[in-house]
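Engineer: Starting off with a structure, shown below.
The values are calculated or read from the model by the stated rules, or taken from the named source; none is laboratory data. Computed from a predicted model, the values in this text were never measured in an experiment. Every residue, glycine as well, gets a Cβ built from its backbone with ideal geometry; the counts of neighbours run over all protein chains shown. The protein model used for the area step is the full one, side chains on, heavy atoms only, and it has no ligands, DNA or RNA in it. Shrake-Rupley method; radii C 1.70, N 1.55, O 1.52, S 1.80 Å.
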Amino acid sequence: MEERIAAAEAEVASLKEQIENVRAQKKNSSMGAVSSSQAPLREIRKPIKTRRTLKGHFGKVYAMHWAGDSQQLVSASQDGKLIIWNAYTTNKVQAIPLRSSWVMTCAFEQSKGNLIACGGLDNVCSIYNIQQQTTNARASKELVAHDGYLSCCRFVDEGHVVTSSGDSSCIYWDVTSGDVLKTFTDHTGDVMSVAISPENSNIFVSGSVDTTAKIWDLRIGKCVQTHKGHEQDINSVAFFPDGYAFGTGSDDTSCRLFDMRSYGEVNKFKSDRIACGITSVAFSKSGRLMFGGYDDFNTYVWDTLADSSQTPYAMPTPHENRVSCLGVNEKGDALCTGSWDTNLKIWA
């Protein structure tokens, strides 16, 4: 029996080596070379300016997420509050006091915008119905199953949410009943971020401290792709607008672009001038721009069609502390960044 197991392991190793050789042969060009060979690249419009500053939190802003209407957004802060903002007027629409101030993530439900999810070091994903809130705000549902902190949560639809945790797992939940529908446990380190595919809500990507990003299928409850390349923790993942690729941001000072069709890395964004990690990433509506929030207080913009040798564009008037989160709204006409300086900025 041991001989058969050893033979099977040797065969698997051989097949893996053959696959890697084929993939290496097909990497015969770079993104910059391919894109410039078609036609001259259109210059990116600059500068992107700060249009609004949202002030109201009294602690570090840890997370933000746009609503589906592209006008409202929710932010979560160490001051123990969720604030719903009108990004256009800068007005605070609603403030929700949290039972635990150690919040790490928040999410707006995209279709109707009635639900908000959040969580953190309490290991619980709390769901709030903002249409039914009173002065004594209580969670309409608390999803309890994780054994570690809640690092990220995203709604699949009005009735389902995906969470990631420091217990190395992701969980797919039924929001109405509070039941665990599926648990995903292939990661070997804290899972830091998840993102739902914009084209197929059955697909989501996760990024982990184990340096890998994994693609999961909710229908079969399994990992269908594992993408390697980063050398340190992956802190953030975001889907490319077409749903066929995704971006990652890592402590290894690089952002990377992976394509699910070629099952590999297609571009890498790194500069010798930048010696700090990335906390969050997002794409413009067209996918031409990749935004990264960095520990050095800056937000950098990368051209996804250019080579990794490019110099990134640093957004003017940066934050006064670490950029902890960022996101582009559904319309694609505004970027929001949140920071440990307690403020959020709207850029366009």
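Engineer: Let me make sure I get this right: for segment 306-348, a, b and c are the square roots of the gyration tensor eigenvalues over alpha carbons, sorted descending. Under 1.5 in a/c it's rounded, otherwise prolate if a/b > b/c, else oblate. Which is it?
Structural biologist: oblate
Engineer: Here's another thing I want to ask about it. For residue 267, list long-range residues whose amide hydrogen, built 1.01 Å from N in the peptide plane, is under 5 Å from its own amide hydrogen.
Structural biologist: Residues meeting the amide H criterion: 257.
Engineer: In terms of Cα to Cα distance under 29 Å, which lysines are near enough to residue 81, apart from those fewer than 8 places away along the same chain?
Structural biologist: Leaving aside lysines fewer than 8 places away in the same chain, those within reach of residue 81 are 49, 55, 60, 92, 112, 141, 331, 345.
Engineer: Taking R0 as 51 Å, what's the FRET efficiency between residue 53 and residue 176 from their Cβ-Cβ distance, rounded to 0.05?
Structural biologist: Values: r = 38 Å, r/R0 = 0.74.
It comes out at approximately 0.85.
Engineer: Can you tell me the length gained on complete extension of the stretch residue 331 to residue 262, counting 0.36 nm per residue apart and subtracting the Cα distance?
Structural biologist: Going from the current span to full extension adds 22.0 nm.
Engineer: Counting only helical runs of four or more DSSP H residues, what would the 222 nm mean residue ellipticity of the chain come to if each run contributes -39,500 (n - 2.57) and the total is spread over all its residues?
Structural biologist: -3000 deg cm²/dmol
Engineer: What length, rounded to one decimal in nm, is gained on full extension from residue 100 through to residue 132, with 0.36 nm per residue of separation minus their alpha-carbon distance? List each step's numbers first, then the result.
Structural biologist: Values: separation 32, 0.36 × 32 = 11.52 nm, distance 2.05 nm.
Between residue 100 and residue 132, full extension yields 9.5 nm more.
Engineer: First check a/c for segment 227-336, with a ≥ b ≥ c the square roots of the eigenvalues of its C-alpha gyration tensor; if it is under 1.5, answer rounded, and if not, answer prolate when a/b is larger than b/c or oblate otherwise.
Structural biologist: Verdict is oblate for segment 227-336.
Engineer: Apply the Karplus parameterisation 6.51 cos²θ - 1.76 cosθ + 1.60, with θ equal to phi minus 60°, to every residue of segment 157-174 and state each ³J(HN,Hα) to the nearest whole Hz, in sequence, with x for glycine and proline.
Structural biologist: In residue order, the calculated couplings are 7, 5, x, 9, 9, 10, 10, 10, 8, x, 8, 6, 10, 10, 10, 9, 10, 8 Hz.
Engineer: While we're looking at this one, here's another question. With label points built 7 Å along Cα→Cβ from the Cα atoms of residue 317 and residue 86, find their separation and express it in nm.
Structural biologist: 2.1 nm
Engineer: Arrange the residues 311, 226, 304 by how much accessible surface each exposes, largest first, with a 1.4 angstrom probe.
Structural biologist: Most to least solvent-accessible, the answer reads 311, 226, 304.
Engineer: Between segment 257-332 and segment 172-248, how many Å separate their Cα centres?
Structural biologist: If you average the Cα positions of each part, the centres end up 19 Å apart.
Engineer: Sticking with this structure for a sec: Using amide H atoms built 1.01 Å from N in the peptide plane, name the residues 5+ places from residue 104, or on other chains, whose amide H lies under 5 Å from its own.
Structural biologist: Excluding prolines and chain starts, which carry no amide H, the hits are 119, 120, 121.
Engineer: Turning to a different aspect of this structure: Quick one: with all protein chains in place, what share of the accessible area of the chain is carbon or sulfur, to the nearest percent (1.4 Å probe)?
Structural biologist: Exposed carbon and sulfur together represent 47 percent of the surface.
Engineer: Right, another one. Which one is right for this structure if semi-axes √(5λ) of the Cα gyration tensor in Å is calculated from it: (i) 53, 22, 18; (ii) 40, 22, 17; (iii) 32, 27, 17?
Structural biologist: Step by step, semi-axes √(5λ) of the Cα gyration tensor in Å for this structure corresponds to label (iii).
Engineer: So how far apart, in nm, are the two label points at residue 18 and residue 309 if each is 7 Å from Cα heading toward Cβ?
Structural biologist: The modelled label-to-label distance comes out at 3.7 nm.
Engineer: Can you list the HN-Hα couplings for segment 199-214, worked out from phi with the Karplus curve (6.51, -1.76, 1.60; θ = phi - 60°), rounded to whole Hz and with x for Gly and Pro?
Structural biologist: For segment 199-214, the Karplus-derived couplings read 9, 8, 5, 7, 10, 9, 10, 10, x, 9, 5, 6, 6, 10, 10, 10 Hz, x marking Gly and Pro.
Engineer: Please list, in order, the residues from segment 324-348 whose amide nitrogen is less than 19 Å from a point placed 7 Å along the Cα→Cβ vector of residue 69.
Structural biologist: 328-336, 346
Engineer: I've got another one for you. Which are the unpartnered cysteines of the chain, meaning those with no other cysteine Cβ under 4.7 Å from their Cβ?
Structural biologist: 125, 152, 153, 170, 223, 255, 276, 325, 336
Engineer: Now for a separate question. When the dipole is taken about the Cα centre of the chain, and only Lys, Arg (+1) and Asp, Glu (-1) are charged at their Cβ, what size is it in debye, to the nearest 20? Show your work: numbers first, answer last.
Structural biologist: On the way: 35 positive and 39 negative charges, 295 e Å.
Rounded to the nearest 20 debye, it is 1420 debye.
Engineer: Calculate, for the chain, the solvent-accessible area per residue in square angstrom, rolling a 1.4 angstrom probe over the heavy atoms of the protein chains.
Structural biologist: On the way: 16340 Å² over 348 residues.
In whole numbers, the chain has 47 Å² accessible per residue.
Engineer: Another question, then. Test of understanding: what is the full-extension gain from residue 232 to residue 286, defined as 0.36 nm times their sequence separation minus their Cα-Cα distance?
Structural biologist: Here the segment from residue 232 to residue 286 would lengthen by 16.6 nm.
Engineer: Would you grab the residues whose amide H sits under 5 Å from the one on residue 63? Only those 5+ places off in sequence or on another chain, please, with H modelled 1.01 Å from N.
Structural biologist: 76
Engineer: Which residue, 257, 71, 241, has the largest displacement toward the positive end of the dipole of the chain when charges sit on each Cβ (Lys, Arg +1; Asp, Glu -1)?
Structural biologist: It is 71.
Engineer: For segment 141-208, rounded, prolate or oblate, judged on the Cα gyration tensor with a ≥ b ≥ c (square roots of eigenvalues), a/c < 1.5 rounded, else prolate if a/b > b/c?
Structural biologist: Values: a/c = 1.94, a/b = 1.13, b/c = 1.71.
Verdict is oblate for segment 141-208.
Engineer: Then there's this: What FRET efficiency would be calculated for the residue pair residue 5, residue 188, taking the C-beta separation as r and a Förster radius of 25 Å, to the nearest 0.05? Intermediate results must be reported in sequence, preceding the final value.
Structural biologist: Working: r = 22 Å, r/R0 = 0.88.
Given R0 = 25 Å and the Cβ-Cβ separation, E is 0.70.
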